[in-house]
1. Given the structure, is residue 163 out of contact with any His (no Cβ under 9 Å at 6 or more places or on another chain), farther than 21 Å from residue 80 by Cβ and surrounded by fewer than 17 Cβ atoms within 10 Å (Cβ to Cβ)?
2. Against the condition surrounded by 14 or more Cβ atoms within 10 Å (Cβ to Cβ) and in contact (Cβ under 8 Å) with a residue 60 or more places away in the chain, how does residue 251 come out, does it pass?
3. Checking residue 340 against (1) in contact with a Ser or Thr (Cβ under 9 Å, 6 or more places away or on another chain); (2) surrounded by fewer than 21 Cβ atoms within 10 Å (Cβ to Cβ), only one condition comes out false. Which one?
4. Out of the residues in the stretch 235-248 meeting the condition of being small (Gly, Ala, Ser) and surrounded by fewer than 19 Cβ atoms within 10 Å (Cβ to Cβ), tell me which one is farthest from residue 384 (Cα to Cα).
5. Can you go through 47, 27 and tell me which one is of a type in the set (A, V, I, L, M, F, W, C) and at pLDDT below 95?
6. Note down all Cβ pairs under 7 Å where the first residue falls in the stretch 42-71 and is closer than 18 Å to residue 411 by Cβ and in a helix (DSSP H, G or I), the second is charged (D, E, K, R) and at pLDDT 95 or above, and they're at least six residues apart or on different chains.
7. Quick one: would you say residue 79 is in contact with a Ser or Thr (Cβ under 6 Å, 6 or more places away or on another chain), in the same structural domain as residue 36 (by TED's automatic domain parsing) and not hydrophobic (A, V, I, L, M, F, W, C)?
8. Among 116, 149, which is at pLDDT 95 or above, closer than 27 Å to residue 185 by Cα and among the basic types (Lys, Arg)?
Amino acid sequence: MRLMRLQHLPLTSTSLPEPSDPKIRRARLLRLFHGRSRLQRLNTVNAHFGFNLYRSLRNHVNQSDNILLAPAGISIAMGMMSLGAGPGTHQQIYKALGFADFVNASVHYDNTTVHKLFRKLTHRLFRRNFGYTLRSVNDVYVKKEVTLKDAFRAQTKTYYFAEPQSVDFRDPAFLEKANNRIQKLTKDLIKDPLKSVDPNMVLMLLNYLYFKGTWEQKFPKEMTYYRNFRINEKTSVRVAMMTNKGNYLAAADHELDCDILQLPYSGNISMLIALPRKISGMRTLEQQISPTVVNKWLKSMTNRTREVLLPRFKLEQSYDLIENLKEMGLSDMFQESGDFSGMTSESVSMSWLKHQGTITVNEEGTEAASLTQVGFMPLSSQIRFVVDHPFLFLIYEHRTHCLVFAGRVVNPSQS
């Protein structure tokens with residue numbers, strides 16, 4: 001099984017494979033929207049933003065670093081913050097997140113449609129049990145001297161199931177209380193997420209995602225053995241390699257020179273693994289991945305008996321996303337020119353956006369046992385999908401088309 005947890009922090013940007021002509025962009029978006037529900041359409045826009053954010057982040061970390069991002073969580077958090085934004089800042093959020101493209105796609109949509117759909121998404125993904133557990137926490141903390149407007153409080157509760165809290169950031173008890181709440185909501189997976197808080201903080205946003213899923217086809221533990229995983233052309237590490245034989249969906253993308261494997265969890269949610277054929281192929285794949293590409297992969301999958309070899313891995317990443325979001329056009333909310341007049345009549349700007357994630361992938365799907373024995377693998381005549389060098393992975397919910405997590409594993413032995 002596997003577990004993930006997330007908080008949100010600041011970010012940066014990248015070269016985007018986006019057409020600059022808005023007409024071309026809109027035409028592409030409308031093609032993607034065709035035949036989809038409103039919620040699936042919003043999730044397409046969210047995924048688009050998520051991949052751009054991933055590229056921005058990738059440009060600010062080392063090539064040897066693993067990455068974990070929960071795009072859905074960040075989009076939900078930004079949707080919630082837009083409720084408190086005045087006209088200019090609101091417009092900037094809607095443009096950067098792609099909400100404006102969504103609203104402009106139909107005369108039947110308006111700004112409120114976005115919030116109604118986030119309510120529906122939160123309800124579907126985070127408040128039901130479909131065989132997996134997915135929990136989202138959206139916490140907004142405001143300095144106690146700042147008076148919040150009743151409408152903002154009411155709307156964040158109605159649409160995002162969140163309750164902004166007035167707190168004293170100087171009081172040590174605040175840290176303890178916030179941490180206890182996060183630990184409880186994430187089933188103790190996120191322990192002491194906040195180490196310290198700036199006493200001069202005015203507005204703080206925390207967004208956590210917790211995921212626990214069970215593979216539809218579990219990997220037999222006795223088949224796990226150690227083998228080499230190539231980090232780059234020169235370096236390999238020994239990793240615990242899980243092995244399974246069964247019917248799996250996979251696709252080949254000859255344009256991006258990669259192979260894609262779908263590993264389903266119970267409950268209509270999957271991990272998609274995109275494995276470049278060359279170790280040096282990760283950059284191209286990262287540069288080009290988009291909702292259109294993922295759509296193409298899902299449509300071209302074929303079901304065959306396969307032998308799958310996948311490393312166990314555990315990622316725990318935390319980022320401060322402010323710089324990345326600024327690069328993507330979200331500057332106002334992080335500086336004094338920001339307008340949060342929908343939230344309070346005082347002048348406030350956001351100084352902290354914390355994003356942290358954890359994911360564990362093992363034989364069950366969950367945090368599980370240690371390696372017991374080293375088995376040997378008979379050579380088989382089946383098609384093999386061997387994940388023995390750096391790969392991208394997505395956690396994708398199929399009914400809502402929601403990109404829940406996106407990440408990269410360069411070195412599975414780093415946790």
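1. no
2. no
3. If we test residue 340 against (1) in contact with a Ser or Thr (Cβ under 9 Å, 6 or more places away or on another chain); (2) surrounded by fewer than 21 Cβ atoms within 10 Å (Cβ to Cβ), just (2) comes out false.
4. By that ranking, first place goes to 236.
5. Being of a type in the set (A, V, I, L, M, F, W, C) and at pLDDT below 95 holds for just one of 47, 27, which is 27.
6. Matching pairs, first to second residue: 58/286.
7. It is false that residue 79 is in contact with a Ser or Thr (Cβ under 6 Å, 6 or more places away or on another chain), in the same structural domain as residue 36 (by TED's automatic domain parsing) and not hydrophobic (A, V, I, L, M, F, W, C).
8. Of the residues listed, the single one that is at pLDDT 95 or above, closer than 27 Å to residue 185 by Cα and among the basic types (Lys, Arg) is 116.
The values are calculated or read from the model by the stated rules, or taken from the named source; none is laboratory data. Just so you know, these numbers come straight off a predicted model, no measurement behind them. Note: ideal-geometry Cβ built from the backbone for every residue, glycine included; neighbour counts use all protein chains shown.
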